[in-house]
Structure formats: C-alpha cells, structure tokens
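Okay, so here's the structure we're looking at.
The values are calculated or read from the model by the stated rules, or taken from the named source; none is laboratory data. Everything quoted here is computed from the prediction, not taken from an experiment. Every residue, glycine as well, gets a Cβ built from its backbone with ideal geometry; the counts of neighbours run over all protein chains shown. For accessibility, only protein heavy atoms count, side chains too; no ligands or nucleic acids. Shrake-Rupley method; radii C 1.70, N 1.55, O 1.52, S 1.80 Å.
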Amino acid sequence: MKRRERLDKERTLSDIKQISSDLAAKTDLIKKLNASIIVNKKKFAYTKEDYLYLNNKRNQILDTINNYKELIQELTKKKKDCFNQINTITREMSDATQKNSQDELNLDLPHKKSYSKAEAIKSLQRQAKEHQYEINRLNVKINESQVNLDQINPSFQTMQTDYNSLLNTITNDEARLYKLKSELKNKLNENEDWKEVDVSAYSTIKSKQEIENEIDDISNQINLLSHKTNYLDLEQPENLSDIIKELTEINETLSKTSKSFSISYENDEIIDSIENFRKVEILCGDLEDLINMFLRQINLEMKFQIVISEDFNNFSIITSFLRSNKENIQFKDLTTPEKIYFVMVFYISIRVILQIKNIIFSNLFIPSEYNKRGSVYRTITKILPIFEQEESLKTFNLIFIISNLEMKKKIQNIKIIKIDEKIE
C-alpha cells in the first residue's frame, strides 16, 4: 500500500511536470544531474585511490629530500666549526707574543692537551674532510630522490588535475541540484494543490505510462491477494487480527492432539526432485567458487541465485556481480573487457567442473561484439598462472584456438602453433 501511495504521488508530480514547461525543464535537469553525480562519484572513487597512492609516494620522497637537506645543514655547520678552530690555531701560531699554551685552545678534540697545534690542525682538517664526504654522499642521495620525484610528478599532476576536476564537478553539480530542488519546491508551493508533493523523493521521475503500469501491477497483486484469502483487511492491511485469531485456533487444535506429526507421501518423484535440486545447488556452488577464483584477478566477485517461479513450474539461475568497492551490478553493467573475461572463464570453469582434462577454447565461441583481441589475450595471460599454481587445476590442459586475432605480445609458458590456410 505504501508503494501504491508513493506511485500516486509520483503520478501527481508527473502530471505537474507535463503541465508546466518550467517545472518539466527543472525536473529533467535534476534527473540528469543525479545521473551525472552517480557516474562521477564512481569515477572519483577510482581516481581518489590512485591519487592518494601517488600523493603518499610523492610526499615520502619529499620528506626524504628534506631530511637529507637538514643533515647537510648540520654537517656544513660542523665543517665550518672545524675551519673556525683551524683559523684560531693558525692566528695563535702566527702571534709570536701569545703564549704557546694548548690549554688556551677551545678545541672539540679528544685528549686535546696531548695534541700539538700542528696535530690539532691535521685532526680538524680530517674531520672537515669527512663532513664534506658525507655532504657529497647526501647530495647524491638527493639527486637520486629528485629523479624519482621527476618521474612521478607528471603522473601525479595529471591525476591531481583529474581528482580536483571530478571533485569540483561533483561539488558544483550537488550545489546546482540543491538549488534546483529548492526552486522546484518553491514553485510547487505557489499552487495549493501541489504543496504536499515531496520533490526530493522524485528527482528521477518516470514517464506517466511507466507509473501507470506499476500502479496497475500493484492493483492486480492486491486483487489476487483479496481472492486468495478472507483474512486480509484491504482497508487496513496492517490489521492482522483475523489471521492471528485463525493461527491461534490452529495452534490450540494442534496442542490438544499428538505432539508429533508426519506427512506421508507415495510419490518417489518428490524425493528424486529434492535430490536433484540439491545436486544443482552443489554444482552451482562449486562452479561459483571456481569462477570467483578467476574473477578475483580483476577485482570482481560473482554470485548465482536460484529462482523458482510462484507456480513452481519455472526454474532459472540469475547471476549478479560485486566490485571491490562493494558495488552490486548486473552483467550488462560490466565493462566490455570484464564481460569478455567472464565469458571465457565461465566456459572454461564449466569444462573443469565436468572434469574434461583437455579444455579447448576458441575466440569463435565468443559473440562478435566481445571478440576483442586485447581483452582475449589479457584474459589468457591472467588465467594461465592460476592453472599453474592451483594443485586442483594442474592436471588440466588448456588449448586456445585463436582466429584472426594477432598476438602482438608474447605470452609466457604457452606453446604456439601457427596454422596458415593455403588457398589453391
């Protein structure tokens, strides 16, 4: 019922949209902005991860360079102190009137009383030379770090530009969206009949025909329920008193009789059906685990869902996917390389489950729109190491028959046999 009420309100807004061109323009723009924000936020999530990685790496290099520079400053000061002390000793040696007393020298030397002035100068020169050697070594380190920084900077600047651009776009779109919603709400408030419409809930308004179809579907479901039970209060569906009363009576009846019940059946087909269904569940589970072993290479996870129709006559298996950022998607939402990868590993996984030791796969099995050279060879490159590493897969042989797709980059651990068709 709540869904029906929501659709009724949405239909009202759809009517309003048709009446006013200004409202129609605003609601259409709101819809486009919402779609743009969703797409850009997905892009931003991927860009942000790469940007933060490069930014962190770049900051580490900058910190290293700054640390080296601080050490060079300290060593330069120590070297300068050595020369200052050498100058002091030299002046004293040239001053014939000054006492030649080693105790008067302010030298940072061990056992300085046992040093002559000439020895003290040599020791200070040696210290200054060692400091200069360390300064030179640190300058080499700075140059190496600067080379690494120069290599990262172009990618970082591009990533930073994309990051800031997406962030600004999302921020601006959200600001425009908020402004449009406010304007639309104010416009609706100008008409007494429209004041109760919550525009924020219907920023992506469907067409009136779509809404009508949904309402008809809900009405049919309600009618079906009303024919199936006498206990449903259509005026107050939350009122379950009649159902609770009936269940209480059933419970009392069961309590007065035997505590254990058995349901007998004579049709062995029921047992066979249950056993076969369990086998299908186990098979789907094994196939799902194997496919996900391959899909983890491209940060995807797949799930099979077994669906049985209400009349128990139709049985189907639905696939859904989960990206590493916890985004739930369907097959149609995958990128073309992801679709190609899944189609190939799905086929190969079925052959593995069937224990076919020599698995033959050809790109001719793939629909033409997915028969892309780069994606096919990338898939082969990614799945081969799995067959080499996993003990359960080492007994299988993979044979790829590739037609009209040139291999531009050699794939490791694969034997290539080229077959040329001769036309006579």
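Laid out as a table, the results:
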read-out: Sulfur and carbon atoms: percent of accessible area, region 275-385 [1.4 Å]; value: 54 percent
read-out: Across Lys339/Lys410; Lys69/Lys141; Lys26/Lys185; Lys69/Lys129; Lys279/Lys394; Lys57/Lys409, pairs whose alpha-carbon gap is larger than 20 Å; value: Lys339/Lys410; Lys279/Lys394; Lys57/Lys409
read-out: Whole-Hz couplings from phi, Karplus 6.51/-1.76/1.60, listed for region 33-43; x for Gly and Pro; value: 5, 4, 5, 5, 5, 4, 4, 5, 5, 5, 4
read-out: Label-point separation, Lys394 to Lys43 (7 Å along Cα→Cβ), nm; value: 4.7 nm
read-out: Equivalent ellipsoid semi-axes - Cα gyration tensor, region 294-415, angstrom; value: 27, 18, 15
read-out: Over 27 Å between alpha carbons, listed pairs Lys42/Lys332; Lys303/Lys372; Lys303/Lys408; value: Lys303/Lys408
read-out: Per residue accessible area in Å² of region 30-86, where ligands, DNA and RNA are left out and the probe is 1.4 Å; value: 68 Å²
read-out: J(HN,Hα) series, region 79-89, from Karplus relation 6.51 cos²θ - 1.76 cosθ + 1.60, nearest Hz, glycine and proline x; value: 4, 5, 4, 4, 5, 4, 5, 4, 4, 4, 5
read-out: ³J(HN,Hα), Karplus 6.51/-1.76/1.60, whole Hz, each residue of region 362-371, x for Gly, Pro; value: 10, 5, 6, 6, 8, x, 4, 5, 10, 8
